[in-house]
Amino acid sequence: MIKTVSTTPYTDQKMGTAGLRRKSKVVVQPNYVENFMQSIFNVIGDLQGKTFVVGGDGRYYNDVAIQKIIKMAAANGVSRLIIGQNGFMSTPAGSNIILKNKADGGFILSASHNPGGINGDFGIKYSNHTGGQIPSSISDQIYQQTLNIKEYKICDTEDIDLSKIGKQELCGMEIEIIDPVVDYVEMMENIFDFPAIKKLFQNGFTMRFDAMNAVTGPYAIRIFEEILGAKKGSVVNYNPLPDFGGLHPDPNMVYAKELVDYMYSDQAADFGAANDGDGDRNMILGKKFFVTPSDSLAIITDNFCYIPAYKNGIYGVAKSAATSTSVERVAHAHNIGYYEVPTGWKYFVNLMDSKRITFCGEESFGTGSAHIREKDGIWAVLFWLNIIAATGKSVEEITTEHWQKYGRSYYVRFDFEGVDTNVADKLMESLEAKLPSLKGQTINGYQVSEAGAFVYNDPVDHSSTKNGLIIRFNDGSRIVYRLSGTGSSGATIRVYLERYSKADLHNDPLKMLTEIFEIAMAVSEIPERTGKHQADVVT
Ligand code: G1P
Ligand code: ZN
């Protein structure tokens, strides 16, 4: 029943910041998924005895792609697959299931926070035995395979019924279908003080969690409403839909508008949160109050003592270079290790595996810890609830007290989307060439202390990665420029701005960053080169 099918290569199967991500219309082309998967299997080599975890965020094509992957895994000699019921599994739950079962890797079918549907995006994230996504050295090999692929193997059978929990067999491969929520809930119960959070809700505390019609709905209902006792209706948009009900499942001030409007209304709950399509991103809100992801990482790190799993001490902390420096001050105050890595969660994996860090985060609404090797949306929400339960303080009080203690990093990200790829590449190239000459210059009242490419030397595997350009100023302000690695068409230029203040704690971030924004535009020539005078998305 095993068929070998001939195929011809696609030239666009290079993975980006987080796996392969393309327009759905691209992925549905004949043999597109097959070519990519066979290339992965070819690079792994001997699949005898190997176990992989498979699931997805339920978006359009999840159901079709997962059947292909199952049949190809069987045909290529994989011994066992662990699959989420109905093909569903969040990214953090998948990482946990890989680690818990000592699996050899896993595939999460998701384009994360990108919109779904036939006019949206689809993607495949590939993790190895660490529970984290593969390093670039491996994804480069897979890309080479995709360019030379001539045939793939597939088991020629009926589709597998993914609704029934339990074991079945396909072409000599064992398939185990599991409830993806159970193990995840157990892990969360072992990290956080559930009784304290339960008491918080018993005392009338209110929350709203927006699952954005994506994968975290069932996890959130089980944890927040059923176990912790948040009142029914606290979790909204909890039904995972193939097109996310038309929502753009990216939890930020722009796309989680429904939640933001509610949390800024007079009816607001005490606490608000949202997750993205595959459940690894999070947004934290208080009553009429927004916590930037960079501040959230700093506050989480500063408050580790309230969390049962971390109260005996933590290793260091890491952030992506583009993330604000607020966590750096916390790391120094607690005298723990501090690391700055390129954008992408995979760069945290070695630091976690070698016990250099416990917490890590990115400005792009990603926070997590060494409990798994992916960022974890619900974990971050529970962390905040646990701090609130332990301190009795509101989100706003916790955050403002943090600023009083450490000062505040005003921080905003500007995205210039749909830029011609050549224009974007040239812009970055000439900017990089120009940066060294800026050192020592004063622009718009700000003196440049350092300017150049961000280069990360991994202390564990000694690989070196260049990612983005940074201009640092004497007062601690920074400008970071990067090209996005997760888009599915054209280029997105991301410009990250930061300004530190010890005394002025309650100002408007955009106002505080006006001059730095002007410098960022003038130096990079973004308006002249792209025709864009304003960013498309500001978060
Ligand atoms: C974006 C974020 C990055 C995150 C990634 C996957 O990548 O900026 O922090 O790790 O999505 O969620 P980018 O498009 O910037 O390459
Ligand atoms: Zn995601």
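Each reported figure results from applying straightforward, stated rules to the coordinates on display, with no laboratory input. Note that this is a predicted model, so its numbers are computed, not measured. In this analysis, Cβ positions are derived from the backbone assuming ideal geometry, glycine residues included, and neighbour counts consider all displayed protein chains.
Some points to look at:
- Between His506 and Ile165, the FRET efficiency estimated from the beta carbon spacing at R0 = 41 angstrom works out to 0.20.
- For segment 140-171 versus segment 83-123, the inter-centroid distance based on Cα atoms is 15 Å.
- Reciprocal mean inverse distance between Cα atoms of segment 229-316 - Kirkwood radius, Å: 14.8
- The chain: DSSP helices with Cα axial extent of at least 15 Å and average Kyte-Doolittle hydropathy no lower than -1.0: 32-44, 62-75, 136-148, 180-191, 377-391, 421-434, 514-524
- Comparing Cys360, Tyr126, Phe224 along the charge dipole axis of the chain, the residue lying farthest to the positive side is Cys360, per the Cβ-charge model.
- Considering only Phe289, Val260, Val215, and ranking their Cα positions along the charge dipole of segment 214-289 that arises from unit charges at the beta-carbon of Lys, Arg, Asp and Glu, the one farthest toward the positive end is Phe289.
- All Cα pairs of segment 89-129, percent lying beyond 11 Å: 63
- By the beta carbon rule, with partners counted only under 4.7 Å, the chain holds these lone Cys residues: Cys305, Cys360.
- Between Asn474 and Val538, the contour length at 0.36 nm per residue exceeds the Cα-Cα span by 20.5 nm.
- Residue among Gly55, Ala111, Ile83 farthest towards the positive dipole end of segment 52-118, charges placed on Cβ: Ile83
- As a rough footprinting exposure proxy, the listed residues Ile138, Ile40, Ile175 were ranked by other beta carbons within 10 Å of their own, and the order from fewest upward is Ile138, Ile175, Ile40.
- The calculated P(r) of segment 277-350, using every Cα pair and 5 Å bins from 0, goes 3, 14, 22, 24, 22, 11, 3, 0 in percent.
- Efficiency of FRET between Val26 and Ala333 - r from beta-carbon atoms, R0 30 angstrom, step 0.05: 0.05
- Ranked by the mean number of other Cβ atoms within 10 Å of their residues, highest first, the peptides 485-496, 139-150 fall in the order 485-496, 139-150.
- Estimated distance in nm for a label pair at Ile443 and Asp140, the labels positioned 7 Å out from Cα along Cα-to-Cβ: 3.1
- Size of electric dipole in segment 487-539: Cβ of Lys, Arg +1 and of Asp, Glu -1, about Cα centre, debye, nearest 20: 120
- Stokes-Einstein D for segment 428-488, Kirkwood Rh over Cα pairs, 10 °C, 1.306 mPa s (µm²/s): 123
- Segment 241-280-segment 485-539 distance, computed between alpha-carbon centres (Å): 23
- Extents of segment 110-218, taken as max minus min of Cα coordinates on every principal axis and listed largest first, are 63, 33, 32 Å.
- Difference of contour (0.36 nm per residue) and Cα-Cα distance, Asn203 to Thr400: 68.5 nm
- Distance between segment 327-365 and segment 387-452 - C-alpha centres, whole angstrom: 17
- For His113, His334, His371, His462, order by how many other beta-carbon atoms lie within 10 Å, fewest first: His462, His334, His371, His113
- Estimated translational D of segment 353-448 in µm²/s (Stokes, Kirkwood radius over Cα pairs; 37 °C; 0.692 mPa s): 183
- Ratio of Rg to Rh over segment 162-277 (Cα coordinates, Kirkwood Rh, two decimals): 1.06
- Dipole magnitude (debye, nearest 20) for segment 12-155, charges at Cβ of Lys, Arg, Asp, Glu: 120
- Column: log10 I(q)/I(0), Debye, Cα scatterers of segment 301-430, q = 0.09, 0.12 Å⁻¹: -0.31, -0.53
- For Asp295, Asp193, order by how many other beta-carbon atoms lie within 10 Å, fewest first: Asp193, Asp295
- FRET E, pair Thr421, Asn312, Förster distance 56 Å, beta-carbon r, rounded to 0.05: 0.70
- When the pairs Lys311/Lys466; Lys50/Lys167; Lys23/Lys167 are compared against a 26 Å limit on Cα-Cα distance, Lys311/Lys466; Lys23/Lys167 fall above it.
- Dimensions (Å) - segment 466-539, Cα atoms, principal axes, largest first: 42, 27, 21
- Fully extended contour minus Cα-Cα distance, from Lys355 to Asp461, at 0.36 nm per residue: 36.8 nm
- Quick note on the chain: its Rg to Rh ratio, both from C-alpha atoms and Rh being the Kirkwood radius, is 0.96.
- Given +1 at the Cβ of Lys and Arg, -1 at the Cβ of Asp and Glu and no other charges, the dipole of segment 447-539 around its Cα centre is 100 debye to the nearest 20.
- Rg over Rh, two decimals, segment 388-494 (C-alpha only, Kirkwood Rh): 1.09
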